[in-house]
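See below for the structure under consideration.
Derivation of every value follows stated rules applied to the coordinates shown; laboratory data play no part. Predicted, not measured: the structure shown is a model, and the values here were computed from it. Cβ coordinates were reconstructed from backbone atoms using ideal geometry, including for glycine residues, and neighbour counts include every protein chain displayed.
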């Protein structure tokens, strides 16, 4: 079977590439035949036959553009993923300016807010338990099983217990009872004793108020059984031991806040239509019409390397070709080694170019430029003005 090879001319039409990513783009259609001619001439045509067809060159051209786009968008994802994660995956990222934001940093720091009770994504629930007279220990796991909808194997974790003495400020000044500050006689000496204490009082310096509050708290802590609690393995022990104040033996309610351990340990957030990893960042194949001359030159060279690789595999089918009284050795190994070396060099060059234009590198260069400019301006002689 005599399969036709490159004849020196071609006419591109849509449908002649494997995927058709760029078949309908004007510049791709205009450059396809030029790239085929460029690759064939670089491979030795017309001095030697090129065992490729126009479709082979079109395939190399399409793959080169796709590889260029993959490298470009992989760089942009690496550069911006902390800001991209959690964003909508329905908005195409091509042509969008990536604005850095604190969303990723906030998500990372939310776990500290959850523990401190000042933020995060874990729900704080409220509950209460009857305090029973003369009962000091309470099993919170048993309470959770009886009063919450936790699943088997889950537990609650108490985050805050509201079991404390009334604040000292409530005993600092009682205007209706006329007690607390011990200043009624002092107010009488100023002639204010005939006024209602609910609307008239003697204002003292703030440091005095703080000292009185501290004195009340210290007195309660030393002379009275202080209000506190211990929590070990979800068994709550409270101090002082409650005293029964009702006929049913209850000493009131104790309120608390808690979380479910399963919710805190759940690492997943709603990922519906959101960017969750590098695989679903909504970049699509690049528009060849919008790639500048720098990118196109790289694409031409990479297409040539792919064409060289394909030709090497084809010529490797037969290492030698017999001719009258001799044989011709084909250059398969040279083509393959050259193609591999060229492709690796082009990828490294492209990645290096992208790294040099990264946000960090550009900011470093700008700072360095500012330092040099400042040094240069310092060498300019200052003009002396004489009034």
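For this structure, a couple of remarks:
- Computed over the chain: relative contact order in percent, which uses C-alpha pairs under 8 Å that are six or more apart: 24
- Degrees, to the nearest 10: 26-42 long Cα axis against longest axis of the chain: 50
- Angle in degrees between helix 54-84 and the longest Cα principal axis of the chain, rounded to the nearest 10: 20
- Once the chain from residue 2 to residue 265 is taken as fully extended at 0.36 nm per residue, the excess over their C-alpha distance is 88.0 nm.
- Ellipticity estimate at 222 nm from DSSP helix runs (n ≥ 4, -39,500 (n - 2.57)) divided over the chain, nearest 500: -14500 deg cm²/dmol
- In this simple spin-label model, placing a label point 7 Å from the Cα along the Cα-to-Cβ direction at both residue 385 and residue 124 gives a separation of 6.1 nm.
- Shape parameters for the range 256-387, alpha-carbon atoms, Rg then Dmax in Å: 29.3, 102
- Choice from 168, 144, 64 showing the highest fluctuation, given a GNM over the chain with Cα pairs closer than 10 Å: 168
- Distance between the range 210-270 and the range 330-380 - C-alpha centres, whole angstrom: 63
- Which labelled figure in [x] 82, 34, 18; [y] 32, 25, 21; [z] 39, 26, 19 is semi-axes √(5λ) of the Cα gyration tensor in Å, once derived from the coordinates: [x]
- The chain: most fluctuating residue of 350, 206, 362 per GNM, C-alpha cutoff 10 Å: 206
- Principal-axis tilt of helix 359-378 within the chain, Cα atoms, nearest 10 degrees: 90
- Whole-angstrom gap from the range 75-127 to the range 1-57, using each part's C-alpha centre: 47
- For 134, 128, order by how many other beta-carbon atoms lie within 10 Å, fewest first: 134, 128
- Among 223, 155, the ranking by other beta carbons within 10 Å of each residue's beta carbon, starting with the fewest, stands as 223, 155.
- Length added when fully stretched, residue 313-residue 105, from 0.36 nm per residue minus Cα-Cα: 69.9 nm
- Most mobile listed residue (61, 239, 12) in the chain, GNM with C-alpha springs under 10 Å: 239
- Per-residue Cβ neighbour rank within 10 angstrom, fewest leading, 105, 122, 161: 105, 161, 122
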